[in-house]
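Chemist: Right, I'll just put the structure down here and ask away after.
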Amino acid sequence: MSTWTDLFENRTHSLVMYPDSTDDYSSPSWMGGNAPGFFDNNAAFAFLREQNYLFYLSVTLPDTNSKGPVPSQEMISVFVPAEYERYLENNRYPTCDIQVFLHPASPESALETYSNPALVKHSLTEWTWVEDGAVTDEPCLVRIGGNPRLIQQEDSYFTALHQDGYEFFIQIDEEGYADGMVEEYVFGFGALYLFANFDDGKWIDPIAGFWQYS
């Protein structure tokens with residue numbers, strides 16, 4: 001079976017990432033620090049600055065046409081409003097106030113335009129292949145494919161998403177932070193769940209579906 005089939009059709013496996021304890025700043029994925037250079041002086045994203053968004057993380061996505069977890073040329077970047085109460089009130093689709101962008105892979109910018117002072121930059125490890133439901137020694141920070149690990153088991157989170165054809169894509173779990181990685185939890189020691197439309201082995205229109213906390 002293909003990587004795509006295992007991740008998104010049968011959902012028997014996931015690919016996971018952890019904070020990189022080696023501080024390898026050449027990693028193509030990272031949390032905290034500066035946003036990718038793709039966003040520098042890009043008029044299409046001027047609203048991020050105008051509406052006071054801060055950079056959260058960028059993940060280089062895997063090439064699901066390969067036999068192993070090889071990085072592709074696509075990246076997901078997530079931005080969060082600076083005001084916690086704002087995205088607390090708008091925490092689920094269709095009014096989830098977290099911005100998610102699919103864009104060409106890009107290195108970190110030298111500009112601190114969107115940097116979040118509450119996050120200490122950490123690189124992320126390469127993707128690791130795991131069987132869905134397998135117990136690992138430490139909680140992962142990022143999980144793509146398989147099934148989400150929900151904090152609140154409520155079907156209402158999924159209703160509007162499924163009606164509009166969105167399926168689970170990526171989970172970012174704050175339990176997977178390394179020590180000293182954050183000065184305050186962005187999602188209340190919770191998790192952010194990204195969704196996407198899937199068509200012919202491709203992810204389309206990824207969005208923030210919802211976030212939860214305990």
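Chemist: Take the alpha carbon gyration tensor of region 95-214, find the square roots of its eigenvalues, order them as a ≥ b ≥ c, and report rounded if a/c is under 1.5; if not, report prolate when a/b exceeds b/c, else oblate.
Modeler: rounded
Chemist: Among [x] 53, 39, 24; [y] 43, 38, 34; [z] 53, 36, 23, which one is Cα extents along the principal axes in Å computed from these coordinates?
Modeler: Answer label, from the structure shown: [y].
Chemist: At 7 Å along Cα-to-Cβ for each site, give me the label-to-label distance between residue 152 and residue 184 in nm.
Modeler: Here the answer is 2.1 nm between the modelled labels.
Chemist: Continuing with this model, one more query. Under the rule of -39500 (n - 2.57) per DSSP H run of 4 or more residues, summed and divided by the residues of the chain, what mean residue ellipticity at 222 nm is obtained, to the nearest 500 deg cm²/dmol?
Modeler: Helix contribution divided over all residues of the chain: -2000 deg cm²/dmol.
Chemist: If you don't mind, another one. Mind putting a number on the dipole of region 68-214 about its Cα centre? Charges go on the C-beta only, +1 for Lys and Arg and -1 for Asp and Glu, and I need it in Debye to the nearest 20.
Modeler: On the way: 6 positive and 25 negative charges, 41 e Å.
Roughly 200 debye for region 68-214.
Chemist: What is region 161-214's relative contact order, in percent, from Cα pairs under 8 angstrom and six or more apart in sequence?
Modeler: 37 percent
Chemist: For the chain, calculate the relative contact order in percent as a whole number, restricting contacts to Cα pairs under 8 Å that are 6 or more residues apart. Kindly include the intermediate steps, with their values, before the conclusion.
Modeler: Numbers: 467 pairs, mean separation 57.0, N = 214.
Dividing the mean separation by the residue count of the chain yields 27 percent.
Chemist: Pick out, in residue order, every one of the chymotrypsin sites (Phe, Trp or Tyr not before Pro) in region 1-58 that is DSSP loop and has at most 16 other C-beta atoms within 10 Å; say none if there are none.
Modeler: On the way: sites: 4, 8, 25, 30, 38, 39, 45, 47, 53, 55, 56; in loops: 25.
Listed in order of number, the matching sites are 25.
Chemist: With springs connecting C-alpha atoms under 10 Å apart, model the chain as a Gaussian network and identify which of 190, 33, 165 has the largest mean-square fluctuation.
Modeler: Residue with maximal mean-square fluctuation among 190, 33, 165: 165.
Chemist: Once the Cβ-Cβ distance between residue 47 and residue 131 is put in as r, and R0 is 41 Å, what FRET efficiency do you end up with, to the nearest 0.05?
Modeler: It comes out at approximately 0.50.
Chemist: Given the Cα-Cα distance of residue 2 and residue 95 and 0.36 nm per residue of separation, how much length would full extension add, in nm?
Modeler: Contour length minus Cα-Cα distance gives 30.1 nm.
Chemist: Give me 12, 159, 3 ranked fewest to most by other Cβ atoms within 10 Å of their Cβ, as a rough exposure proxy.
Modeler: If I rank by nearby Cβ atoms, fewest first, I get 159, 12, 3.
Coordinate-derived values only; no laboratory data. If you're wondering where the values come from, they're calculated on a predicted model, not measured in any experiment. Using ideal geometry, Cβ is built from the backbone for each residue, glycine included, and neighbour counts are taken over all protein chains shown.
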